[in-house]
1. So for the pair Ser47, Asp93, with labels modelled 7 Å out along Cα→Cβ, what separation do we get in nm?
2. Over the stretch 3-97, consider all pairs of different Cα atoms and compute the Kirkwood hydrodynamic radius from their mean reciprocal separation; express it in Å, one decimal.
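Read the figures in this text as sums done on the coordinates, not as results from a lab. Predicted model, so just to flag it, every value in this text is computed and none were measured. Cβ placement follows ideal geometry from the backbone for every residue including glycine, while neighbour counts extend to all protein chains displayed.
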Amino acid sequence: MTPFTRRAIDLIRAIPFGRVTTYGLIGTAAGDHRAARQIARLLAGSSEAMQLPWHRVVNRHGIIPPRRSMSHLLQRHLLEAEGVAVSGSGRVDLSRFLWLPSVTPPPPPEQN
């Protein structure tokens, strides 16, 4: 597992109950401001096995995008169960529910 992936996982696990953050904010805080898609792939492939609170991550507009798998309905349900209001169009009010992860610098490269 890369240091970036480890930091991203730690950040996702740190999202508080009843709050959301975005794929891009997790990527930036983990060390790569252009990694939103990488975070989405990480969540799609590892959420269940690593027991990550995937439902607390939304897109940069606060929208839960519809998915063929219909997991957006489960995401909505899980967020609402935590007290996060989700509009009829699947939008979360980021001004109310956004959690900002703290940005920590990546560790220095190992010296050989």
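1. Each label point is offset 7 Å from its Cα along the Cβ direction, giving 2.4 nm.
2. It is 13.2 Å.
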